[in-house]
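Q: Starting off with a structure, shown below.
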Amino acid sequence: MRTYGHRANNHPNAAARQLLETIDRKKTNLCVSVDVTRKADFLAIIDLVGPFSCLVKTHVDIIEDFDHDLIEQLQALSKKHDFLIFEDRKFADIGNTVSLQYSSGVHKIASWSHITNAHPVPGPSIITGLASVGKPLGRGLLLLAEMSTKGSLAVGSYTEEAVRMARANKDFVMGFIAQRRMDGVGVQEGGNSAEEEDFLILTPGVGLDVRGDGMGQQYRTPREVIVESGCDVIIVGRGIYGNPKALDADNVRRQAERYMKEGWKAYLERIGEK
Ligand code: S5P
């Protein structure tokens, strides 16, 4: 199993390279998902978890007092703590519509988010639409090949088609939101193996203390995700910041460090350097 550093040196996708370099430099494969509705809480949590993260995942459409200053502060924190930004927009429309949703509106996602994601449900045209905006900016796209939720429909041939769509668009698609490595998935008999592809696998549904949230979310441990399923980045939200109505700064910092250490320990085990 190759190291993050080795993969960074060889990756054809600029955003993937940047993420792998950040992981290698900071020795963390933790992405913190910050799903809170107040700008002040959002920025405070990111300032606390930034030192432990390679990537910060946002849902800016849930923030009640969103404004342009929030983006400026987010970008300043990204520089201060050396992490990338991933707006978890989950685009799912026709090419023309997603290109407008990605570039325009209140949020102007493409102008500040290094990475975003899309559901493959509309077919390859969703990648064409998003790439028309994101590729000239050096952005990267993740396809949702699987989901962490109970009863997800993103399984079987849907997942296989998602991987084929990615293979046909490697210049912009850098990897997947998925629950396991996708090497060889969807490769037809007699077809090329997945040898020269290196899709990054970013995996949500990660928690050390509980197995679910009562609303369909399912949690696995960093070890299950990184060692057993061969994923690259753990995405952790509530396991780190807890209840946003009762934020405890010391605990947020402690939990971020805890998940960072667990994620890195699992990676070292995977590459055989335990
Ligand atoms: O399959 C998925 C895909 C995503 S991007 N399952 C998920 O949970 N997510 C996102 O990861 C979800 O939108 C949320 O922002 C985060 C998980 O948050 P947590 O609080 O359950 O760790």
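The values are calculated or read from the model by the stated rules, or taken from the named source; none is laboratory data. It should be emphasised that the depicted structure is a prediction, and the values quoted were computed from it without experimental measurement. We place every Cβ from the backbone using ideal geometry, glycine too, and count neighbours over all the protein chains shown. For accessibility, only protein heavy atoms count, side chains too; no ligands or nucleic acids. Shrake-Rupley method; radii C 1.70, N 1.55, O 1.52, S 1.80 Å.
Q: Could you give the nm distance between label points at residue 268 and residue 188, where each point is 7 Å from its Cα heading toward the beta carbon?
A: Label-label distance for residue 268 and residue 188, simple model: 4.5 nm.
Q: Contour minus end-to-end for residue 171 and residue 92, with contour as 0.36 nm per residue of separation and end-to-end as the Cα-Cα distance?
A: Computed gain between residue 171 and residue 92 is 26.5 nm.
Q: For the range 4-270, with the dipole built from +1 on Lys and Arg beta-carbon atoms and -1 on Asp and Glu ones, taken about the Cα centre, which of 149, 119, 49 lies farthest toward the positive end?
A: It is 49.
Q: Still on this structure, I have one more. Kindly state, to the nearest 0.05, the FRET efficiency for residue 121 paired with residue 246, given R0 = 45 Å and r defined as their beta-carbon distance.
A: Calculated transfer efficiency: 0.75.
Q: Suppose each label sits 7 Å from its Cα in the direction of the beta carbon; what would the residue 38-residue 158 distance come out to in nanometres?
A: Between residue 38 and residue 158, the simple spin-label model gives 3.7 nm.
Q: DSSP loop (so not H, G, I, E, B), at most 14 other Cβ within 10 Å: list which trypsin sites (Lys or Arg not before Pro) in the range 107-201 pass both filters.
A: 108, 150
Q: Where the centre of each part is set by its Cα atoms, how far does the range 1-16 sit from the range 91-117, in angstrom?
A: Here the two parts' Cα centres lie 26 Å apart.
Q: Quick one: grab the alpha carbon gyration tensor of the range 1-104, order the square roots of its eigenvalues as a ≥ b ≥ c, and give me rounded if a/c is under 1.5, else prolate or oblate depending on whether a/b is larger than b/c.
A: Oblate is the answer for the range 1-104, as a/c is 1.5 or above yet b/c matches or exceeds a/b.
Q: Leaving out ligands, DNA and RNA, what percent of the accessible area of the chain is carbon and sulfur, probe 1.4 Å?
A: Solvent-exposed carbon and sulfur of the chain make up 50 percent of the total.
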